[in-house]
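We did not get these values from a lab; they are worked out from the coordinates using the rules stated. Everything numeric here is computed off the predicted structure, so don't read it as measured data. Backbone-built Cβ (ideal geometry, glycine too); neighbour counts: all protein chains shown.
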Amino acid sequence: MNVVEVADQAYCGCDMPETGNLLSVDAALQLGLGLARPIEEVEEVALEAAIGRVLAHPLHAPGPLPAFDNSGMDGYGVRRGDLVGDGPWHLAVSSRIAAGDPGYSRVSPGSAVRIFTGAPVPPGCDAVIRQEDVRLRGDRIEIATRPGRQENIRKRGEDVTQGQVVLPGGVVIGPKEAAALASCGMGKVGVTRQLRVAILTTGSELRDPGDALAPGQIWNANRYQLRAALSAPWIALADLGAVPDDPRMLADVVREAAATADLIVSTGGVSVGDEDHMVNVLREIGQEVIALKIAMKPGKPQVMARIGAALAIGLPGNPVSAFVSWKVIGARIAEKLSGQQAPRHARRLVHAGFSEKRNPGRCEFRPARLMGRDGSGMEIAEAPHLAFSARVALLAASDGLLLIPAETDTIAQGDLLEFLPF
């Protein structure tokens, strides 16, 4: 299997000089990250409540791991000094030690101890022989091969020494991080408080799924995709629903949200139509407002603003445009706000399973499907050359986003392209 990994980085890899009044994706992302002020408040919670939260500070091991020498196998603990001359050797089994046994005594000369995985290794024992490698003869064992020094013994502190940094601050506590915290005995953990995020969708035409539609109305896809995208233990989500295309009502909703939220995420109203009010509303009530025209497809129009202590991000209204804009730019900003430090994102190279000519100028994030592997073992991605900014079914059937660099005018079958899996 041939998998080519792409070096992880904060930005999309589509940096290019600004074209006319279009801003590169990387430059737009850097602007957003520059506005983001990470949460500083720390909460101490039980370990079970910390799963999925952001670790506030580096974890220094309070003691060594393992805490004592222990057996790495089910077998027999021996003193190598007793194995004199040529084998086989015969030793009496003097005692039995299992994991969790509270006490043990030194191994007597000329004897062995029955020992199980994880059990403490008694003083004097300097090797554990696997039970498969001995013959049991009554209360004695026969050993045919001399074991190596410390063979099958996990030494005290060989995994972690006391005071060693086990986890850096700013990581999301997932399965492996939870295992490390538990192994170090951390019953309580310091985490950054949850990021308070308020979401709203704009548009007088929006109705909730299940409601009857009048002519010209549509069901509100963006509300539910934002709920799903922001459903994480490190986020406290407030869903403000749909807001009609009324600038005064929109301003009131955003102003009220900014009083309690760290981040406000909206969809719609960021283009140049008569009913696109979000940019003007943010200019009216915000302090730092950046209306963006980004050299990306989809997701060209976006807006960012500071409103007091809150940061607002305005995404396009088309569902696929909103999805891509959030995944490429918005989600990175939310991660920084939450206190996450340089989070890693899965990115890899694939071969194009299609060929086409295209107009250069914008970095394209195209929904794509993986279609198996070629003769070299590389994955093949197919992506239709269609107008897809509103094609939600196409997005749902995709495995990830194919990145087509802004300067690319021709894609040939088999070309290497970057792929962001969902």
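The angle separating the long axis of helix 25-35 from the principal Cα axis of greatest extent in the chain is about 80 degrees.
How fast does the stretch 70-154 diffuse by Stokes-Einstein, in µm²/s, taking the Kirkwood radius from C-alpha pairs at 37 °C and 0.692 mPa s?
Values: Rh = 12.3 Å.
Taking Rh from Cα pairs, D becomes 266 µm²/s.
Annotation: average projected area of the stretch 193-331 is 8.2 square nanometres, based on the convex hull of Cα atoms across all directions.
Expressed as a rounded percentage, what relative contact order does the stretch 193-331 have, with Cα pairs under 8 Å and six or more residues apart?
Computed value for the stretch 193-331: 24 percent relative contact order.
The label-point distance for residue 212 and residue 68, in a model that sets each label 7 Å from Cα toward Cβ, rounds to 7.4 nm. The helix-only estimate of mean residue ellipticity at 222 nm for the chain, built from DSSP H runs of length n ≥ 4 each weighted as -39500 (n - 2.57), is -4500 deg cm²/dmol after division by the residue total. Under 30 Å of direct C-alpha separation, and excluding same-chain neighbours fewer than eight residues apart, residue 357 reaches these lysines: 293, 297, 300, 327. To the nearest 0.05, what FRET efficiency results for residue 86 and residue 37 with a Förster distance of 60 Å applied to their C-beta separation? So the FRET efficiency works out to roughly 0.25. A Förster radius of 45 Å, combined with the Cβ-Cβ distance separating residue 271 from residue 161, puts the computed FRET efficiency at roughly 0.20.
Give me the net charge for the shell around residue 151: Cβ to Cβ below 12 angstrom, other residues only, Lys and Arg +1, Asp and Glu -1. Show your work: numbers first, answer last.
Working: positive: 80, 130, 146, 149, 154, 155; negative: 126, 133.
Charge balance in the 12 Å sphere: +4.
Karplus-derived 3J(HN,Hα) values for the stretch 242-258, using 6.51 cos²θ - 1.76 cosθ + 1.60 with θ = phi - 60°, are 8, 10, x, 7, 10, x, 5, 5, 5, 4, 5, 5, 5, 4, 5, 4, 5 Hz; glycine and proline are entered as x. Were the residues from residue 415 through residue 135 laid out at 0.36 nm apart, the gain over their Cα-Cα distance would be 94.8 nm. Counting beta carbons within 10 Å around each of 337, 395 and listing the fewest first gives the order 395, 337.
What is the local net charge at residue 82, summed over the other residues whose Cβ is closer than 12 Å to its Cβ (Lys, Arg +1; Asp, Glu -1)? The partial results should precede the final answer.
Details: positive: 79, 80, 146; negative: 126.
That sum, taken over residues with Cβ under 12 Å, equals +2.
May I ask you to list the aspartates and glutamates whose Cα is less than 17 Å away from that of residue 336, ignoring any residue fewer than eight positions away on the same chain? Correct list for residue 336: 8, 26, 40, 41, 262. Extending 7 Å from the Cα toward the beta-carbon at both residue 374 and residue 48 defines two label points whose distance is 5.1 nm. By other beta-carbon atoms within 10 Å, ranking 76, 104 with the fewest at the front produces 104, 76. For the stretch 309-377, trypsin sites (Lys or Arg not before Pro) are listed when DSSP marks them as loop and at most 10 other Cβ atoms sit within 10 Å of their Cβ; the list is 344.
For the chain, what is the Kirkwood hydrodynamic radius in Å, using each pair of distinct C-alpha atoms?
Numbers: mean 1/r = 0.0389 Å⁻¹.
Here the Kirkwood hydrodynamic radius works out to 25.7 Å.
Report, as a whole number in µm² per second, the diffusion coefficient that Stokes-Einstein gives for the stretch 312-358 at 37 °C and 0.692 mPa s using the Kirkwood radius over alpha carbon pairs.
Estimated via Stokes-Einstein, D reaches 247 µm²/s.
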